[in-house]
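Below: the structure, in structure tokens.
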Amino acid sequence: IKNHVQLIGNVGGDPKITSLDSGKKVASFSLATNETYKDKEGEKQTNTNWHNVVAWGKVAEIVENHVTKGKQVGITGRLNQRSYTDDDGVKHNVTEVEAREILLLGSK
């Protein structure tokens, strides 16, 4: 079984870029994907899903230099699940897409 994800969507906000002590960069951003279908009355409906995306190293540098809010991108990567506990002691589970490749689509 292989963990493989491909998405094409629009970036929801300007990516957050973090530089680690090692010098490696991490980029994180949200990606909206739309699915259009006709409901039982024949009316066109759009369902939007939001995905948390994280990119490391060279892919993060591409994101930093070329990706802005609204930009259409294609992402190939894998699903990653992690959890963390916030300052109030509440545990949060997060599913995110770890981008291994990014394709810049459309115009800015």
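The values are calculated or read from the model by the stated rules, or taken from the named source; none is laboratory data. Nothing here was measured: the structure is a model prediction, and the numbers come from that model. A quick note on method: Cβ atoms are made from the backbone with ideal geometry, for glycine too, and the neighbour counts reach across all protein chains shown. Calculation scope for accessible area: heavy atoms of the full protein, side chains included, ligands and nucleic acids excluded. Shrake-Rupley method; radii C 1.70, N 1.55, O 1.52, S 1.80 Å.
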Flag if Val5 is under 17 Å from Gly106 (Cα atoms), open to solvent by less than 60 Å² (accessible area, probe 1.4 Å) and either at pLDDT 95 or above or in contact with a strand residue (DSSP E or B) (Cβ under 8 Å, 6 or more places away or on another chain) (or both): no
Out of Val11, Val67, Val94, sole residue that is out of contact with any Lys or Arg (no Cβ under 8 Å at 6 or more places or on another chain) and either open to solvent by less than 40 Å² (accessible area, probe 1.4 Å) or at pLDDT 95 or above (or both): Val67
Segment 73-84, residues that are more than 14 Å from Pro15 (Cβ to Cβ) and open to solvent by less than 90 Å² (accessible area, probe 1.4 Å): Gly74, Thr76, Gly77, Arg78, Leu79, Asn80, Ser83
Residue count for segment 58-108, restricted to those that are part of a loop (DSSP other than H, G, I, E, B) and either of a type in the set (A, V, I, L, M, F, W, C) or within 15 Å of the chain's Cα centre (by Cα) (or both): 6
